[in-house]
Structure formats: structure tokens, C-alpha cells
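What follows is a short report on a single structure.
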Amino acid sequence: MGILLYGSPSIEVSFDDRALTHLQIVITAKLRRRESFVFSWADSADIGSGRSSIWLDPSSTLYYRFYGSRVPSINREWIDVLMDSANSGGGLFFTPEPVTGRS
């Protein structure tokens, strides 16, 4: 399980390492182009369910903490799905990995 830390003081958001790696690729690509956007995800039941969102811009303070030592293989299909979401008017919404493309 990995953690995305946002802001100062920081908000901790947990994702498994594989998902966090894919999110890091998409978020980095957007911020590298100096694009701001909303990032949203569904909260787990253990923190009350619901949905959370943060505003990301090139000045955002982000820290990615991976608990595994291996970098997972990258699923290009999942990157495309996440990037399409990030480029939409609603911003990046975390979606689970497509079953068909998992390597």
C-alpha cells in the first residue's frame, strides 16, 4: 500500500503501489505541462465512504511513498484511461485498472 501526501500540513491518501505508480505518471505529465486540475477518488468504507477531491497545480506539494521495492509494470491502457479523465472538464478521477490490459 502506497501513500500520496498532498499539501502542508499534508493529507494522506492511500493507494496500492501499482495504482500509485500509474497516478504518479499521469499527475507528473500534467504538472510538467504546467496544467492545473482536480483529482478525485472514492473513499474507502473504513474512513466513511464518500468521495474526496484536491486541486493540483504546478506549485502543489506532493510526496509519493511506495512500500514495495519493485516498480510495477506499466499498463498503457490504464495510463490512457486516467489521462483521458485528467484531460476532461471533470478532472482526474481515479478508476481501477482495466481488467483486459493488466500485465
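The values are calculated or read from the model by the stated rules, or taken from the named source; none is laboratory data. No experiment lies behind these values; they were computed from the predicted model shown. When we count neighbours, we look across all protein chains shown, and the Cβ atoms used for this are built from the backbone with ideal geometry, even at glycine.
Tabulated values for the structure
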{"read-out": "Scan of the stretch 12-63 for residues that are farther than 17 Å from Phe93 by Cβ and of a type in the set (Val, Ile, Thr), ordered by number", "value": "Thr21, Thr28, Ile47, Thr61"}
{"read-out": "In the stretch 36-56, residue surrounded by the fewest Cβ atoms within 10 Å (Cβ to Cβ) [restricted to those that are of a type in the set (Gly, Ala, Ser) and within 16 Å of the chain's Cα centre (by Cα)]", "value": "Ser44"}
{"read-out": "Residues (within 11 Å of the chain's Cα centre (by Cα) and crowded, with 16+ Cβ neighbours inside 10 Å) located in the stretch 87-103", "value": "Leu92, Phe93, Phe94"}
{"read-out": "Single unsatisfied condition, Ser10 versus (1) within 11 Å of the chain's Cα centre (by Cα); (2) at pLDDT below 95", "value": "(1)"}
{"read-out": "Count - residues of the stretch 57-86 that are surrounded by fewer than 16 Cβ atoms within 10 Å (Cβ to Cβ) and without any contact (Cβ under 8 Å) to a residue 12 or more places away in the chain", "value": "5"}
{"read-out": "Residues (out of contact with any Asp or Glu (no Cβ under 9 Å at 6 or more places or on another chain), part of a loop (DSSP other than H, G, I, E, B), modelled with pLDDT under 90 and within 27 Å of Pro9 (Cα to Cα)) located in the stretch 47-103", "value": "Gly48, Ser69"}
{"read-out": "Test: Ile3 is under 11 Å from the mean Cα position of the chain (by Cα) and at pLDDT 95 or above", "value": "no"}
{"read-out": "Qualifying residue in the stretch 16-23 (condition: touching an Asp or Glu at 6+ places or on another chain (Cβ under 6 Å) and either part of a loop (DSSP other than H, G, I, E, B) or more than 24 Å from Arg76 (Cβ to Cβ) (or both))", "value": "no"}
